[in-house]
Amino acid sequence: MSMKESKLFKVLIIVALVTTMAGCSQKKPEKSEKVEKPEATTQATKDTQGAAQMTKLDWSIQPKLGIIKGDFYKIEERFRQGHLGTLEIVKDKGAIVHVEFNERTRPNYYHRYYQDVPKRMSEYNFTMGEKKGAAWIQSVVKVEKQMLEKQSITGEFDAVSGASNSIKQSMIPLAEKLSPSLGKPSNEKYYSIAEKLDGGLTSLLKIVIRDKKIISVRYDEIFADSPDEIKDPNLKKFYRQSKYESVEYEEPSRIGFNIQMDALNEQVVKTQNMLDISEMPAIGDTGNYAASGYTTRNTAWDNYLRLAEKLLKEMKSDGNF
C-alpha cells in the first residue's frame, strides 16, 4: 500500500469511528431506561378522576315511615385511632327488621371541624364525597340493605369503592361479634316511629326499654334528600342531614338542637315520663335572650310529643312499659 493510500485509509477509519460514536449518543434509550413514573402517575390520576365521575354522590338517609319494634341488639367499639363505630339490629318475630350503623370521628381527629362528629347525617359525607368521589354513607346504606335482604349480618357484602374502610374495619367486625346474640331473645326492646313533617322534614323518635324501663330516648328531625323538597330557602343546604347530627345547623330557639335532645334523654331516663317536658330548654316564648338563653319555643317539642304519645300507647299495649 502506497503512503498516499495509507493516509486515505486512516482518514476513512477516523470518519467511521466518529460516525459510530455520534450514532450511539443519539440512540433512543431502551425500555428499561425510560422514566415511567410521570406517565404512570398521569394514568393513575386519570383513573381516579374517571372513577370519581362514575360514582354518583347520591344516597338517602330517610328512615322507614311508621313504627318499627322488636328485640334490640347493639354493639359499639372504638377502632382505627379512636373512631367509635355503633351497630344496632332489631329483630321482630324472628326476622331482622332494622339495621343501622353509625360512626363518630375520634375526638382528636386531624380536622378540628369534624372532631367527635357523627357521620351518618352530617356534612362529613359531602366533604368525603368531594375528596374521594364516594360518601361514607353510601357504603353503609348499601350494606345495611344487603343484610336485611339476606337476613344475615355476616358473610360477604358489596361496598362502594372509595368508601369501604369503615365497613371492613368496623361494621363487619362488629356484626361478627354481635351475630351470636341474635339467636336468642334480647332483654332490651326497641320502638321507633317516623313521620313526615311539613316543609321537607321527617321526625324520628327512638326508644329503648330494658326491664320495662326506658334507658334511651333519641329524637331527631331529618331534612329531605333533595333541596327541592325543603321549603325554607335557608334550610335547603341541609339536605341529607339531620338537625341533631349537622355541624352547621343553627337552631332558631338559640340553644343547640343536640343539647336540647340530650337533655330530653337525660330527663326521661331519670323520670320515666316521656310526656313531661316542663324542665326542658326552649319550651316557651320568653322574648328575653339575655335572661333565658333563647327567644322562641322550639317547634320540635310539639313534634316530639305527638310521636311520644303514639309510641307510649304501643309500648303499653305490648306490655313492655
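The values are calculated or read from the model by the stated rules, or taken from the named source; none is laboratory data. A quick note: this is a predicted structure, and the numbers were derived from the prediction, not measured. Note that we place each Cβ from the backbone using ideal geometry, even for glycine, and neighbour counts take in every protein chain shown.
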task: Look through 174, 205, 201 and report the one residue that is under 22 Å from the mean Cα position of the chain (by Cα), outside the structural domain of residue 248 (by TED's automatic domain parsing) and surrounded by 14 or more Cβ atoms within 10 Å (Cβ to Cβ).
output: 174
field: Of all residues in the range 278-315 being among the aliphatic types (A, V, I, L, M) and in a loop (DSSP other than H, G, I, E, B), the one that is nearest to residue 217 (Cα to Cα)
entry: 280
task: Go through the range 127-147 and give me each residue that's in contact with a strand residue (DSSP E or B) (Cβ under 9 Å, 6 or more places away or on another chain) and either over 28 Å from residue 238 (Cα atoms) or part of a loop (DSSP other than H, G, I, E, B) (or both).
output: 147
field: Single match in 272, 260 (criterion: polar (S, T, N, Q) and buried (at least 18 other Cβ atoms within 10 Å of the Cβ))
entry: 260
message: If residue 287 satisfies all but one of (1) under 20 Å from residue 100 (Cβ atoms); (2) surrounded by fewer than 21 Cβ atoms within 10 Å (Cβ to Cβ), what's the number of the condition it fails?
response: (1)
field: Leading residue by the ranking (farthest from residue 74 (Cα to Cα)) among those in the range 193-230 that are assigned to a helix (DSSP H, G or I) and without any contact (Cβ under 8 Å) to a residue 24 or more places away in the chain
entry: 228
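For (1) at negative phi; (2) over 27 Å from the mean Cα position of the chain (by Cα); (3) aliphatic (A, V, I, L, M), each residue gets a yes or a no:
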| site | (1), (2), (3) |
| --- | --- |
| 238 | yes, no, no |
| 242 | yes, no, no |
| 252 | yes, no, no |
| 256 | yes, no, no |
| 261 | yes, no, yes |
| 266 | yes, no, no |
| 273 | yes, yes, no |
| 277 | yes, yes, yes |
| 280 | yes, yes, yes |
- prompt: residue 216: closer than 29 Å to residue 104 by Cβ and surrounded by 15 or more Cβ atoms within 10 Å (Cβ to Cβ), yes or no?
  reply: yes
